[in-house]
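Heads up, the thing below is written out as structure tokens.
The values are calculated or read from the model by the stated rules, or taken from the named source; none is laboratory data. Since this is a predicted model, take the numbers as computed values, not measurements. So basically every Cβ, Gly included, is an ideal-geometry build from the backbone, and we count neighbours across all protein chains shown.
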Amino acid sequence: MKQIRLIASILVCKLLIFCGRLMRKRSSSAPGKYALKLCPDAVKILSKKVKYETICVLGTNGKTTTNNMIHTMISSKGFSSVSNLVGANMLDGVATAYLSKASLFGNLKADYALLEIDEATAKIVFDHLTPDIIVVTNLFRDQMDRYGEIDQTLKQLEIAIQKAPDALLCLNADDPMSSYFTKAVSNRCVTFGVSQEVAQPLQEEKEGRNCLFCNTPLTYEFYHYNQLGSYTCPNCDFTRPAPDYSATDVVCEPAIQFTLNEKETVTANIFGFYNIYNMLAAISVASLLELGITSYTEAFEHYCPQTARMELFPLSKPVILNLAKNPAGFNQAIATLLNDPRKKAVVIGINDMPSDGCDISWLYDVNFEALTNCTAYGVSGRRCYDMALRLYYAEVCDKPCVNPDPVPLALDFLNTDCEVVYVLVNYTLIFDTKDKLEKEVKTYQKKQKKGDKSCN
Amino acid sequence: MQLTILQLFPEILNLYGDRGNITVLKKRCALRGIEATVISCSLDEEIPIRSADVIYLGGGSDNDLPRVTEALSQYKDTLLSYRDNGGVFLAAGSGYPLLGHQFSLRGKEYPGLSLVDMTTKEGTQKLTGNISVNTPFGVLVGFENHLGQTYLGKIATPLGTVLSGNGNNGEDKTEGVIYKNIYGTYMSGPLLPRNPELCDLLLAKAVERKYKTFPDFPSLPNEIENLAKGYILNYGNRTHK
């Protein structure tokens, strides 16, 4: 009976994905949702059929990137995997990942499972599957109306990890919220971190944290961003653990380069200081899995950033689309933009749909004050006027251009005195913006070809 | 003219972009040719209440609120005399219940500052979402996210009447409090950017207290402010349960 239910759920899932494709929709959660109604144990059954380890990536920012980097490394060694690479990270999305990979007879051929999982949902997902490695990238403030305060998120995560006592934890040594788990639970742990001070272009407000064990303010030798850095508690023995995977000699511009464990130089055509953490997390996992990767530089050559992580659209000038959905993400995006020496126009899009969080007060925790000297400013999304107000009070632009849709603004800005247009938007604006920009690129390339022909 | 704005404990009372309110107070002073001095006072510092013209108490995490009350309770008398000679005070978000006689948090009772006749008990469900409030000085909009349910006593006046959302307790349609020049509201974080009327009122009251004349501020266009406010009035309900 179980087997019949499973097969039915696989059928439903695959059928829904197929229908979704016909309607040109990205079906990543809904198929799993309906399939789970038919066979609530589908994930439980299928997750046991994965040949080697199941790796779960958790944390506020960098989950999708880290998961994709791990996927790149695993694929480069010829292994197969079950994964939710586009970031549908609740139980429904996880179910879609397993069911879409399974055969109609309920078999699953996969060497690894690579799953990013929502911090608050992990405690539910871990009832359905047993992770072998849990990565915690970082814990920042995010959508307080959804997750509650960060202390709550930490508690939820702790409950989840307690359900997987045998899992190996892979933690961010520089984040006291993440490295908290080196002491709070009895799991085995490895850590990664950036072991030297790196000059950041954005002097944002440092976010001090109290020790999670004794509530004394932590003291910092240096900060990277937010609460990340080299910290120690003056009162108890909580301190930044010496990372097992450590980056030094860090360069961020024009692309990332660092020395891993004082031995190997790793370079990658990836931008943004924050990505060093994602790379280190992926390297840690690859090393723990003993994939036998001889050169990480080579491994990262095959990595292509997924949707809207500083994604380039070659129009008459480059347009760069980036997802930024909380203060930490936005501040890092702004830092990356400031590192770009070209003349820039910028469009910022803010929506307030349930998956964005309907409270937008966090805009005042972003250091938009640093976003000076752009050639043009545009605001879009459902909360475009709130964003316009934010830029006004940041004293960078009194009257930005307003359009609920960021794409027409970006196209207009191509005609201004800039060399590149940055489009920074939050979650629910991403896919539509990307689709429209892709269409623009196609039209542009057709025109170029025609132009070339008529020249000949 | 010069005004001193005292921001209390920004290192912990910063939960919802609270620094936005300080930015707006400063900017709207500058637009009226008033020199604004901002003093950010951390938890372990002496609080210069007597030199303040506007005091701002923002929202913090539940873990931190008992420490905040403890720190402020040492200044109870100074705060009472600040209130009684017309000192301007704005408490927003989770800082708001501290104004009253007492509040409860995670099943424990804490004494408040008794600056205002009100008490806060803990509800069972968080009251979350966009909110709009009708007040004598215009419609205000904001975002609320609170477990506390506040009930005003006889000598306190609500800030306004709830048009949509929950307000003080989700029952009596009142939101916030005004007593003398003390203002409290569950609208958390940056409420002043979208509610310039409230900001201007606070500044005018502070000028009146310090310079003995109620100022005739030149009005500002508030164009984007009104558009941002319009969004909440037209679409804000969508997120309510």
Can you give me the ranges of the helices (runs of 4 or more DSSP H) entirely in segment A:99-164 with at least 1 residues that are among the β-branched types (V, I, T)? A:122-125, A:150-162
Given the options A:I334, A:I283, A:I293, A:I256, name the one that is in contact with a Ser or Thr (Cβ under 9 Å, 6 or more places away or on another chain), touching a residue at least 12 places away in the same chain (Cβ under 8 Å) and surrounded by 21 or more Cβ atoms within 10 Å (Cβ to Cβ). A:I256
Filter segment A:351-396 for residues that are within 12 Å of another protein chain (Cβ to nearest Cβ), in contact with a Cys (Cβ under 8 Å, 6 or more places away or on another chain) and farther than 15 Å from B:Y235 by Cα; the one that is surrounded by the most Cβ atoms within 10 Å (Cβ to Cβ) is A:V379
Selection from segment B:81-117 of residues that are in a strand (DSSP E or B) and charged (D, E, K, R): B:K108, B:E109
Those residues of segment A:128-155 which are charged (D, E, K, R) and touching a residue at least 60 places away in the same chain (Cβ under 8 Å) amount to A:D132, A:R141, A:D142, A:D145, A:R146
May I ask you to verify whether A:K446 is free of Cβ contacts under 8 Å to residues at least 60 places away in the same chain and surrounded by 15 or more Cβ atoms within 10 Å (Cβ to Cβ)? no
If you check B:L13, B:L25, which single one turns out to be more than 10 Å from every other protein chain (Cβ to nearest Cβ), touching a residue at least 60 places away in the same chain (Cβ under 8 Å) and assigned to a loop (DSSP other than H, G, I, E, B)? B:L13
Mind checking which residues of segment A:363-385 are touching a Lys or Arg at 6+ places or on another chain (Cβ under 7 Å) and under 30 Å from B:E11 (Cβ atoms)? A:L363, A:Y364, A:F368
Check A:K434, A:K439, A:K399 and return the single one that is loosely packed, with under 13 Cβ neighbours inside 10 Å, in a helix (DSSP H, G or I) and charged (D, E, K, R). A:K439
Within segment B:141-158, restricting attention to residues that are assigned to a loop (DSSP other than H, G, I, E, B) and under 9 Å from B:D117 (Cα atoms), which residue is farthest from the other protein chains (Cβ to nearest Cβ)? B:K154
Checklist (1) assigned to a loop (DSSP other than H, G, I, E, B); (2) at pLDDT 95 or above; (3) not β-branched (V, I, T) applied to B:G20, failing item: (1)
On the given criteria, is B:N166 within 14 Å of chain A (Cβ to nearest Cβ) and modelled with pLDDT of 95 or more? yes
Name, by its number, the condition in (1) part of a loop (DSSP other than H, G, I, E, B); (2) under 16 Å from B:N134 (Cα atoms); (3) within 14 Å of chain A (Cβ to nearest Cβ) that does not hold for B:I232. (1)
Members of segment A:169-189 that are part of a strand (DSSP E or B) and more than 21 Å from the chain's Cα centre (by Cα): A:C189
Does A:D405 satisfy the criteria of being at pLDDT 95 or above, on the phi < 0 side of the Ramachandran plot and either of a type outside the set (A, V, I, L, M) or crowded, with 22+ Cβ neighbours inside 10 Å (or both)? yes
